[in-house]
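Handing you a structure now.
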Amino acid sequence: MQILEIETTSHTEMIDITAEIATAISKNNVKSGVCTIFVPHTTAGVTLNENADPSVRKDFINVFEKLIPKYERYSHAEGNAPAHIKSSIFGSSLNIIIEDGKPVLGTWQGIFFCEFDGPRNRKIYLQITAT
Amino acid sequence: MQILEIETTSHTEMIDITAEIATAISKNNVKSGVCTIFVPHTTAGVTLNENADPSVRKDFINVFEKLIPKYERYSHAEGNAPAHIKSSIFGSSLNIIIEDGKPVLGTWQGIFFCEFDGPRNRKIYLQITAT
Amino acid sequence: MQILEIETTSHTEMIDITAEIATAISKNNVKSGVCTIFVPHTTAGVTLNENADPSVRKDFINVFEKLIPKYERYSHAEGNAPAHIKSSIFGSSLNIIIEDGKPVLGTWQGIFFCEFDGPRNRKIYLQITAT
């Protein structure tokens, strides 16, 4: 298992980690397989989406702020109930296919770490299985 | 493949299955790998989230009840359209990394079986692949 | 890695690809393992849900049209911001367990390709790892 460290700088943000994941994968000698990306946090997530236009990320953040508003009445006392809920909607794990030692992504796809309760120091776990 | 059985007791609930998954994983001799957790139901799901404060689960249930209300006009005649939709939002499969024969989770993370149309007898499938 | 091609015919639709996935899996000689299904697009997704009653799919489309409406103010200029967001909610990858060379699904479960910005020619990537 490999561990990546990431420092987020805002309360809510989507950080492109495609290059870091590709580098970590290339350090293994697995030519063909699957990389499991796992976020060990309950107020963050990981997703695939467009990495060409940064405004896509802004839309994401706004839409989810509307759907799961900060100032509702929640039972959880720490004030970060929306972050927990977003974490489950986006998900904490992803599978990326590896061919020729590289992640196989679509033309417009990037891998994003999703911070919903930052800024914080975060970790990302990677496990690679060969075909 | 291993099969776990679970009996849910409410219409909508999130049940912590972390210990059951850890026990099932320990029965294999896989030291390092990935465990695929798969829910073979269309009105249930599986997710990772905080297992320290039970109020987090209450917030989840309330937020999704508001977003996908029971008493809307749905085409599906069985009355459980919201359960089908929640199942796809939370997702039916998860990947957990295994190291030293144990699931690698974050400090606050638990694995939750999500019942959206209970009470019912449910199954959880597990498949383990070694690195 | 195997590549499936699919032609969607509507702007938003859920297409049952269970048979195509089963055929692709059967072409491998893997008896027991995991199949990673990966959608290399940022305005489409893949999910598991009921394939018996087509009205379930209609409900899905209507609920998400209400939650993430087309005619909101989005930053992304191409007019398909809702499609990007739905893609991340449904997710771009799925894991299916393989036993006896076949996908193991629940009685009512089907695998659906989710088109959110069609009609288009789309691809689905499959990677199979043995246990």
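Sum -39500 (n - 2.57) across every DSSP H segment of at least 4 residues in the protein assembly as shown, then divide by the residue count to get the 222 nm mean residue ellipticity, nearest 500.
For the protein assembly as shown, the value works out to -7500 deg cm²/dmol.
At the nearest 100 Å², what buried accessible area, both sides summed, do you get for C and B when the probe is 1.4 Å?
Interface between C and B: roughly 2300 Å².
Just to confirm my numbers, what's the Cα centroid distance between the range C:67-131 and the range B:1-77 in Å?
Using only Cα atoms to place each centre, the spacing works out to 20 Å.
Carbon-plus-sulfur fraction of the accessible area of the range C:19-131, 1.4 Å probe, in percent? Show your work: numbers first, answer last.
Details: 2090 of 4380 Å².
Roughly 48 percent of what the probe reaches on the range C:19-131 is carbon or sulfur.
Using a Gaussian network model on chain B with a 10 Å cutoff between Cα atoms, which of B:Gly106, B:Gly45, B:Gly118 fluctuates the most?
With Cα springs under 10 Å in chain B, the top fluctuation among B:Gly106, B:Gly45, B:Gly118 is at B:Gly106.
For chain B, what is the per residue volume of the convex hull drawn over the alpha-carbon atoms, in cubic angstrom?
So the per-residue hull volume is 103 Å³.
Mean Kyte-Doolittle hydropathy of 1.6 or higher plus an axial Cα length of 24 Å or more: which whole DSSP H helices in chain B meet both? Walk me through the intermediate numbers first.
Working: long enough: none.
Both cut-offs are met by no helix.
Another question, if that's okay. Does any residue of the range B:81-124 lose at least 20 Å² of accessible area with all protein chains in place compared with its chain alone, and if so which ones (probe 1.4 Å)?
Buried by 20 Å² or more upon assembly, which counts only protein chains, are B:His84, B:Ile85, B:Ser88, B:Ile89, B:Ser92, B:Ser93, B:Asn95, B:Ile97, B:Glu99, B:Val104, B:Gly106, B:Gln109.
Consider the operator that turns chain B into chain C: which B residue has a Cβ nearest its axis, and what is that gap in Å?
Spelled out as residue then distance in Å, it is B:Thr129, 3.
Give me the percent relative contact order of the range C:47-129, please, defined on Cα pairs under 8 angstrom at least 6 residues apart.
Dividing the mean separation by the residue count of the range C:47-129 yields 48 percent.
Would you mind listing the distances between the C:Ile3 label point and the same position in each other copy? Use 7 Å along Cα-to-C-beta, nm, one decimal, shortest first.
Values, ascending and in nm: 3.8, 3.8.
Using a probe radius of 1.4 Å on heavy atoms only, what accessible surface per residue do you get for chain C? Whole Å² is fine. Before the final figure, lay out each step's value.
Numbers: 5380 Å² over 131 residues.
The answer is 41 Å² per residue.
Using only alpha-carbon positions, what ratio does the radius of gyration of the range A:48-124 give when scaled by 2.2 N^0.38 Å?
1.32
Placing unit charges on C-beta atoms (Lys and Arg positive, Asp and Glu negative, everything else neutral), compute the dipole magnitude of chain C about its Cα centre in debye, rounded to 20.
Using only the charged Cβ atoms, the result is roughly 220 debye.
Taking amide hydrogens as modeled 1.01 Å from N in the peptide plane, which residues meet the under 5 Å criterion relative to C:Ser32, leaving out close sequence neighbours?
C:Gly101, C:Thr131
Let me ask something else about it. How would B:Ser26, A:Ser93 rank on accessible area, largest to smallest, probe 1.4 Å? Could the numbers behind the result be given before it?
Details: B:Ser26 70, A:Ser93 30 Å².
Per-residue accessible area, sorted high to low, gives B:Ser26, A:Ser93.
In terms of solvent-accessible area of protein heavy atoms at a 1.4 angstrom probe, what is the ranking of A:Leu105, B:Leu48, highest value first?
My answer, sorted largest first, is A:Leu105, B:Leu48.
If you don't mind, there's one more thing I want to ask. Count the net charge of all other residues whose Cβ sits under 9 Å from the Cβ of B:Gly110, scoring Lys and Arg as +1 and Asp and Glu as -1.
Its environment carries a net charge of -2.
Residues of the range A:1-34 with accessible area at least 30 Å² lower in the all-protein-chain context than alone (1.4 Å probe)?
Residues shielded by partner chains are A:Met1, A:Val34.
Tell me which chymotrypsin sites (Phe, Trp or Tyr not before Pro) from the range A:49-131 have a DSSP coil assignment and no more than 11 other beta carbons within 10 Å of their own.
Here the chymotrypsin sites (Phe, Trp or Tyr not before Pro) that fit, given the DSSP loop and packing criteria, are A:Tyr71.
Now, a different point. Of B:Lys58/B:Lys86; A:Lys102/B:Lys31; A:Lys86/C:Lys102, which sit over 27 Å apart, Cα to Cα?
Flagged as over cut-off: A:Lys86/C:Lys102.
Between exposed trypsin sites (Lys or Arg not before Pro) in chain A, where DSSP calls loop and at most 12 other Cβ atoms lie within 10 Å, what's the longest gap?
A:74-131
Can you give the accessible area of C:Glu72, probe radius 1.4 Å, in Å² rounded to 10?
80 Å²
Between C:Ala22, C:Ala52, C:Ala83, where does the largest GNM mean-square fluctuation fall for chain C, given springs only between Cα atoms within less than 10 Å?
Of C:Ala22, C:Ala52, C:Ala83, the Gaussian network model singles out C:Ala52 as fluctuating most.
Continuing with the same structure: How far apart are the B:Gly79 label points across copies, placing each 7 Å from Cα toward Cβ, in nm, shortest first?
With the label placed 7 Å along Cα→Cβ, B:Gly79 yields 4.3, 4.3 nm.
What does the charge count near C:Glu78 come to, summing +1 for each Lys or Arg and -1 for each Asp or Glu among other residues with Cβ under 12 Å from its Cβ? The partial results should precede the final answer.
On the way: positive: none; negative: A:Glu50, A:Asp53, A:Asp59, C:Asp117.
Its environment carries a net charge of -4.
Hey, another quick one. Would you work out which of C:Pro54, C:Asn80, C:Thr12 lies farthest towards the positive end of the dipole of chain C, given +1 charges on the beta-carbon of Lys and Arg and -1 on that of Asp and Glu, about the Cα centre?
C:Asn80
Place the label 7 angstrom along Cα→C-beta at A:Asp100 and in each other copy, then list the distances from the first to the rest in nm, shortest first.
From this label point to the equivalent ones elsewhere in the assembly: 3.9, 3.9 nm.
Spelling out what I want: for every residue of the range B:40-53, take phi, set θ = phi - 60°, compute 6.51 cos²θ - 1.76 cosθ + 1.60 (Karplus), and round to whole Hz; glycine and proline get x.
For the range B:40-53, the Karplus curve yields x, 10, 9, 10, 8, x, 9, 8, 9, 6, 5, 10, 7, 9 Hz.
The values are calculated or read from the model by the stated rules, or taken from the named source; none is laboratory data. Keep in mind the model is a prediction, meaning the values are calculated, not measured. So basically every Cβ, Gly included, is an ideal-geometry build from the backbone, and we count neighbours across all protein chains shown. What goes into the accessible areas is simple: the full protein's heavy atoms, side chains included, and nothing from ligands, DNA or RNA. Shrake-Rupley method; radii C 1.70, N 1.55, O 1.52, S 1.80 Å.
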